[in-house]
Amino acid sequence: MAVRPGLWPALLGIVLASWLRSSGAQQSATVANPVPGTNPDLLPHFLVEPEDVYIVKNKPVLLVCKATPATQIFFKCNGEWVRQVDHVIERSTDGSSGLPAMEVRINVSRQQVEKVFGLEEYWCQCVAWSSSGTTKSQKAYIRIAYLRKNFEQEPLAKEVSLEQGIVLPCRPPEGIPPAEVEWLRNEDLVDPSLDPNVYITREHSLVVRQARLADTANYTCVAKNIVARRRSTSAAVIVYVDGSWSPWSKWSACGLDCTHWRSRECSDPAPRNGGEECRGADLDTHNCTSGLCMHTTSGPEDVALYVGLIAVAVCLLLLLLVLILVYCRKKEGLDSDVADSSILTSGFQPVSIKPSKADNPHLLTIQPDLSTTTTTYQGSLCPRQDGPSPKFQLTNGHLLSPLSGGRHTLHHSSPTSEAEDFVSRLSTQNYFRSLPRGTSNMAYGTFNFLGGRLMIPHTGISLLIPPDSIPRGKIYEIYLTLHKPEDVRLPLAGCQTLLSPIVSCGPPGVLLTRPVILAMDHCGEPSPESWSLRLKKQSCEGTWEDVLHLGEEAPSHLYYCQLEASACYVFTEQLGRFALVGEALSVAAAKRLKLLLFAPVACTSLEYNIRVYCLHDTRDALKEVVQLEKQLGGQLIQEPRVLHLKDSYHNLRLSIHDVPSSLWKSKLLVSYQEIPFYHIWNGTQQFLHCTFTLERVSPSTSDLACKVWVWQVEGDGQSFSINFNITKDTRFTELLALESEGGVPALVGPSAFKIPFLIRQKIITSLDPPCSRGADWRTLAQKLHLDSHLSFFASKPSPTAMILNLWEARHFPNGNLSQLATAVAGLGQPDGGLFTVSEAEC
């Protein structure tokens, strides 16, 4: 049936409307929609349909449709018609039917697919028209191909005995399309078709049915798809053979010593590849005369043996005497104290101080008398009040006696009047002068056995020096420094990333009798399944070493770490330069990024810049950006957000939207900006940010409303809705006001601790000894949720002191002493003495 030319547009409109009404029920298979009253044989049918395809890196993909008979063909992708200008059309005649044919091609880019932003899969479909109706092709799905870097499970080294079975597991990295797996043995491909003793399971594990000596090799799991090829770490497999004895030889003839012998060798088989040696003797001797002949004469060989043993004993005795003499001489030299000349000229007026040696009057030894006497002072754990404290008579009772209102008071003994004056002066005066800081990222202090604390304000970095960490009679000048990552070369291997600031405390090499505690923030999302966390320390030669693998600490180790959600507390008996480094074990590993939006406080030109910072979620990084923006004259224009950056190798993207075109004009020439993944993940680059430049249409424009998006491709994202007046809105400025962190950077003596010194000593004395009823330091650790560190605490001379030190490091300066008092009171341990404390000492 012929259609007049004038009726064709109307007919095409009817067909289009009919197709649109049915578009909600599209299927993946070809669907035909004939026009009523027309010949269904002339409906288009597809000679070529679009097929599923993968985008590799940034290369666009080509989709092709060909149908006959067809007067028009158009693509529709994710419900949107593709523009006509994006189609490449070729018309021809089908050779088999003679009917008109049409071929259409389009390109699909990576950016088009990513705009869907994970809400659904990206698909395209062809629609072909003829005079008899329309036909829809199958849907073709376009996916971005990738292959993660980290294997979900890697093979591990094994040592197996001969003929034992071997299973090497391998779970390849996540990828689209899924990765194919093959195995290498010493870099040669393992082909199960050529070796019936091996096969690969559906889960990609390599199985050796019976281990042979030839199976000793390095095995590597290889994963590959159209994007990349990844290799696992090689697993060394050693097939060993345990040794076995050969048969005994015949007995020898009876000798002059009335014995005969026989022998055997460990050669049936001989041990191979580290197998066990044969157990037992290789020589067997017996009396060959049934005990009637006894050989007792000592030959010249025996005499030589005895003389040699005596000579060795005499040499060892002489060596021991020499070592004792050397030790005594060194000990005499170490009795003198280390004193800094600045201490002696700083108005230092010690109590009970005497020269340590007559020939060296400049060295001082501090020996306060801390012998206890009974007094009648009492005070609460919590409040600090000015003025003289009231005194009350106490009766014998528990370590903590309940007061009205649920409060508790700790009681203890006080020192003699001389020592009490010493402690009082130390807590109220500048007793040990603190050196002035050279920069805002450094703190100094001078300390003795009473301990103290160093802090770098507004960074979360501090060093707690507990009492008795410094040997009595010693005086140390200690420093604490925050380093900029660009100033310190910290080599990171593979997938490692810096999670904390780089911090130094020193001087290195000083003698400490108890661990100090270094506190610093970190930006990792701690999870043993996702991270391998290591504490690195720089050696004297300048190289960085792993001194602690978190989760595998040994109780007797020099280092220990309490890891919390956003901070870590490092116990160390050696001062030095430290950093916390993480290595992702899976794609679930994530770092916390703090997103900050800044803009000028005053805008004197038409241009207006919005700076978006992406920095580690640590207080030291925040401090650096705030100080930088103060110099630039910037202000915070939105509440900060946290974004979790995953180890997926995808970049971070930033874009600005919904800018009112009547008031503002964006100067961004692309749809989004990018910060490369490695710049962020490495963790050693500061002040990473992007700037969006807007231009006001009129100088009178002051209101700005827009949206800023920050997201990781196939990851987490955050959206900021900006709506403020650029000339007078300052409501977000107070969010970044840097609060005080306990005052001065250096605190010495009792003023550095929340728990009064004498109360602390009494708690330690009462809880250190084991108690059958459980009222000891173990229960205190459980109440403070520190029971996962019991083995570490138990390895120290005073477990209770370690618990209290960690409490001080975690809760200064805002710790709640009432909660600690309640925890100690809950132990219910009796004590028969009088223990006192004044409010002034709290």
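Being open to solvent by 20 Å² or more (accessible area, probe 1.4 Å), part of a strand (DSSP E or B) and of a type outside the set (A, V, I, L, M): is that true of E553 here?
No; evaluated as a whole, the condition is false for this residue.
Quick check on E674: is it assigned to a strand (DSSP E or B), surrounded by fewer than 18 Cβ atoms within 10 Å (Cβ to Cβ) and over 38 Å from the mean Cα position of the chain (by Cα)?
no
Name the residue, out of T618, T701, that is in contact with a Cys (Cβ under 7 Å, 6 or more places away or on another chain), polar (S, T, N, Q) and surrounded by 15 or more Cβ atoms within 10 Å (Cβ to Cβ).
Just one listed residue meets the conditions, T618.
Assuming E629 fulfils every condition listed in (1) crowded, with 18+ Cβ neighbours inside 10 Å; (2) in contact (Cβ under 8 Å) with a residue 60 or more places away in the chain; (3) farther than 28 Å from P526 by Cβ; (4) of a type outside the set (V, I, T) apart from one, which condition is it?
That leaves (2) as the condition not met.
Out of F792, F812, which single residue is at pLDDT below 90, out of contact with any Cys (no Cβ under 6 Å at 6 or more places or on another chain) and closer than 22 Å to G460 by Cβ?
F812
crowded, with 18+ Cβ neighbours inside 10 Å, at pLDDT 90 or above and closer than 30 Å to N150 by Cβ: which single residue out of L636, L643 fits that description?
Sole residue among the options that is crowded, with 18+ Cβ neighbours inside 10 Å, at pLDDT 90 or above and closer than 30 Å to N150 by Cβ: L643.
Of (1) free of Cβ contacts under 8 Å to residues at least 60 places away in the same chain; (2) open to solvent by 40 Å² or more (accessible area, probe 1.4 Å); (3) part of a loop (DSSP other than H, G, I, E, B); (4) not polar (S, T, N, Q), G542 satisfies all except one. Which?
In the conditions (1) free of Cβ contacts under 8 Å to residues at least 60 places away in the same chain; (2) open to solvent by 40 Å² or more (accessible area, probe 1.4 Å); (3) part of a loop (DSSP other than H, G, I, E, B); (4) not polar (S, T, N, Q), G542 misses (2) alone.
Looking at F692, F687, which one is in contact with a Leu (Cβ under 7 Å, 6 or more places away or on another chain) and assigned to a strand (DSSP E or B)?
Exactly one residue qualifies, and that residue is F692.
Could you count how many residues in segment 60-96 are in a strand (DSSP E or B) and open to solvent by less than 60 Å² (accessible area, probe 1.4 Å)?
14
Going by the conditions given, is N150 free of Cβ contacts under 8 Å to residues at least 24 places away in the same chain and not aliphatic (A, V, I, L, M)?
no
Could you list, in sequence order, the residues of segment 646-660 that are closer than 17 Å to N725 by Cα and open to solvent by 80 Å² or more (accessible area, probe 1.4 Å)?
D658, the sole residue that qualifies.
Pick out the one residue from T428, T481, T459, T446 that is modelled with pLDDT under 90 and of a type outside the set (D, E).
Going through T428, T481, T459, T446 in turn, just one is modelled with pLDDT under 90 and of a type outside the set (D, E): T428.
So T800 fits all but one of (1) modelled with pLDDT under 90; (2) out of contact with any Lys or Arg (no Cβ under 7 Å at 6 or more places or on another chain); what number is the exception?
Single failed check for T800: (1).
Taking segment 561-587 as the search range and keeping residues that are part of a loop (DSSP other than H, G, I, E, B) and touching a Lys or Arg at 6+ places or on another chain (Cβ under 7 Å), which one is least open to solvent (accessible area, probe 1.4 Å)?
Within segment 561-587, the match that is least open to solvent (accessible area, probe 1.4 Å) is G576.
For segment 459-497, what are the residues that are crowded, with 24+ Cβ neighbours inside 10 Å and of a type in the set (A, V, I, L, M, F, W, C)?
Listed by number, the residues that qualify are I461, L463, L464, I465, I470, L480.
Taking only pairs six or more apart or across chains, which ones have beta-carbon atoms under 9 Å, a first residue in segment 652-671 that is within 19 Å of Q112 (Cβ to Cβ), and a second residue that is assigned to a loop (DSSP other than H, G, I, E, B) and open to solvent by less than 70 Å² (accessible area, probe 1.4 Å)?
Here the result reads R653/Y672; R653/V713; S655/L668; S655/Y672, each pair linking segment 652-671 to a residue that is assigned to a loop (DSSP other than H, G, I, E, B) and open to solvent by less than 70 Å² (accessible area, probe 1.4 Å).
Quick one: would you say L558 is open to solvent by less than 20 Å² (accessible area, probe 1.4 Å) and in contact (Cβ under 8 Å) with a residue 12 or more places away in the chain?
Spelling it out, it is not the case that L558 is open to solvent by less than 20 Å² (accessible area, probe 1.4 Å) and in contact (Cβ under 8 Å) with a residue 12 or more places away in the chain.
Return the pair list, or none, for Cβ contacts closer than 6 Å from residues in segment 807-821 that are part of a loop (DSSP other than H, G, I, E, B) to residues that are open to solvent by less than 60 Å² (accessible area, probe 1.4 Å), at least 6 apart or on different chains.
If the second residue must be open to solvent by less than 60 Å² (accessible area, probe 1.4 Å), the pairs left are P813/G742; G815/K754.
Given the criterion without any contact (Cβ under 8 Å) to a residue 60 or more places away in the chain and closer than 13 Å to V222 by Cβ, identify the matching residue among L194, L168, L189.
Criteria check complete, one pass: L189.
Identify the residue in segment 282-312 that is open to solvent by 100 Å² or more (accessible area, probe 1.4 Å) and modelled with pLDDT of 80 or more and, among all such residues, is farthest from S249 (Cα to Cα).
Among them, the one singled out is I310.
Hey, can you tell me all the residues within segment 591-601 that are within 26 Å of R534 (Cα to Cα) and open to solvent by less than 10 Å² (accessible area, probe 1.4 Å)?
K591, L593
On the basis of being out of contact with any Asp or Glu (no Cβ under 7 Å at 6 or more places or on another chain) and at pLDDT below 90, does E277 make the cut?
yes
Condition first: at pLDDT 90 or above, more than 24 Å from D703 (Cβ to Cβ) and not in a strand (DSSP E or B). Can you find one or more residues in segment 604-618 that meet it?
yes
Based on what the data block shows, is E552 modelled with pLDDT of 90 or more and acidic (D, E)?
So E552 does not fit the description; no.
Pull up segment 174-194, narrow it to residues that are part of a loop (DSSP other than H, G, I, E, B) and open to solvent by 30 Å² or more (accessible area, probe 1.4 Å), then point me to the one that is nearest to R231 (Cα to Cα).
E187
Just checking, how many residues over segment 623-640 are under 17 Å from F720 (Cβ atoms) and among the small types (G, A, S)?
Qualifying residue count for the region: 1.
Say we look at segment 158-179 and pick out the residues that are under 25 Å from the mean Cα position of the chain (by Cα) and of a type outside the set (D, E, K, R); which of these is nearest to C65 (Cα to Cα)?
G175
The values are calculated or read from the model by the stated rules, or taken from the named source; none is laboratory data. What you see is a predicted model, and the numbers here were worked out from it, not measured in a lab. Glycine gets a Cβ as well: all are built from the backbone with ideal geometry, and neighbour counts include every protein chain shown. Heavy atoms of the whole protein, side chains included, go into the accessibility calculation; ligands, DNA and RNA do not. Shrake-Rupley method; radii C 1.70, N 1.55, O 1.52, S 1.80 Å.
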